[in-house]
There are 2 protein chains.
Amino acid sequence: MISVVVVDAETPGNVGTIARAMKNFGFADLKLVDPPELDRDGEAYGFAGQAREDVLPDAEVVTFEEIVERFYTVGFTATTNEDARKHVRFPFATPEELAEELAGVETDVALLFGRERIGLTNDELARIDRVCAIPASADYPVLNLGQAATIALYELRGLAMADSQLPDVERERANESEIERFYERFDATLGSLEYPEGKRSKTMRLVRRLVGRAHPTTREITTLHGVLRAIERATRK
Amino acid sequence: MISVVVVDAETPGNVGTIARAMKNFGFADLKLVDPPELDRDGEAYGFAGQAREDVLPDAEVVTFEEIVERFYTVGFTATTNEDARKHVRFPFATPEELAEELAGVETDVALLFGRERIGLTNDELARIDRVCAIPASADYPVLNLGQAATIALYELRGLAMADSQLPDVERERANESEIERFYERFDATLGSLEYPEGKRSKTMRLVRRLVGRAHPTTREITTLHGVLRAIERATRK
């Protein structure tokens, strides 16, 4: 199980934003350390979208100590440019690397997001198990709390949700025999068009690469067949 | 060049959030179609962080038509569960796939983000070149506008910024000979401890895998050497 812990947030809106991202990416368990007032008519509920129905009202208020004792803890930090000599924030993982690491671990994990301006303190970072940093522009790497959590939860979604809303793209590609019949028909069409023999095979290679790279759907291939059929009819006259 | 276009946003705060994410991930050119009032003392500037200095005040107001004419356009849509039979939003790319596609293209690209509640209209989607959808929970796939843009810009950061703020992690792993010397020393230490001979090689394999997987830094290896040295000293007595 993966829990999300927001430590000492100042802005109710950020708590709402994080709750919404949790629901968007399949997370349910929100814990709050020293939270601001979360008014039902305020920004937390206003920013939470449908998470106002469950994630946000179900949030549990806890202490930092309880989290450290009960969970494998991952702290997110924006502060960076740390090198190997500074122990507190190094070594770190990117969210992508973290997703890979956690995929192989069977344990209760707490993802900790810190305060708006200063993040997690060095004392807090020293007590957690893993540090995670989001790669960003060297000119301005400091993400807003809600945005940092959104990216982290997006990258870790595979650990929390079985299926996304998106159709299984692999299965939407037209089957290969349909695509192959299209190439053959296209080649035959070129032949019927008295297309220069010297260019024909090069052109077919180009078509094959272009169409193949686009991963055509069944509907698209059917439509293209229709186009060829129309060409055939026209040239037969 | 990659431009970010926000179409008909209602909420100034979302425009500020998008401007901040742009600056965080190395993007600079913001264009606005039918923007809300962006007051210097309002939420747009309040949410923009350091982007209030450049990205936001430099934003250009444009029409949808101008964008379609001048750019390779990518429209982001939350509305999903589309199948191959519905043409307007299919086929689509995920942000990850889009990053790969655009890496090979030399052209001016506009990333279009739509209205808070209804996104880009079907008429608008029909006029753009590519549709992108962020994978999210099937139960609640509708992301907030600012959060969707944040994830998209994060995934596309490689196209906009040369370096992140993070140190080059590969080069921070201690060099292999240092790590190897540690294993040898560890094994010798086991020998000096009268560790059961039958278990020694298995234990060394475990240590090697554990430490290796953690990609130890030079400092960590040096520290571990120090630990072994201390053990050696203690057992010599």
(request) Would you check if there is a residue in region A:13-24 being of a type outside the set (S, T, N, Q) and more than 20 Å from the chain's Cα centre (by Cα)? (result) yes
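Any idea which of A:129, A:108 is out of contact with any His (no Cβ under 8 Å at 6 or more places or on another chain), within 14 Å of chain B (Cβ to nearest Cβ) and exposed (fewer than 14 other Cβ atoms within 10 Å of the Cβ)?
So the residue among A:129, A:108 that is out of contact with any His (no Cβ under 8 Å at 6 or more places or on another chain), within 14 Å of chain B (Cβ to nearest Cβ) and exposed (fewer than 14 other Cβ atoms within 10 Å of the Cβ) is A:129.
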(request) Looking at (1) away from chain B (no Cβ under 14 Å); (2) in contact (Cβ under 8 Å) with a residue 40 or more places away in the chain; (3) on the phi > 0 side of the Ramachandran plot, find the lone condition where residue A:64 falls short. (result) (3)
(request) Read through the list (1) under 33 Å from the mean Cα position of the chain (by Cα); (2) farther than 30 Å from residue B:29 by Cα; (3) not in a helix (DSSP H, G or I), then give the number of the only condition that residue B:135 fails. (result) (2)
(request) Scan B:160, B:136 and give me the residue that is under 30 Å from residue A:101 (Cα atoms) and surrounded by fewer than 18 Cβ atoms within 10 Å (Cβ to Cβ). (result) B:160
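Coordinate-derived values only; no laboratory data. Since the structure is predicted, the reported quantities are computational estimates derived from the model, not experimental observations. FYI the Cβ positions are ideal-geometry reconstructions off the backbone, even for glycines, and counts take in every protein chain you see.
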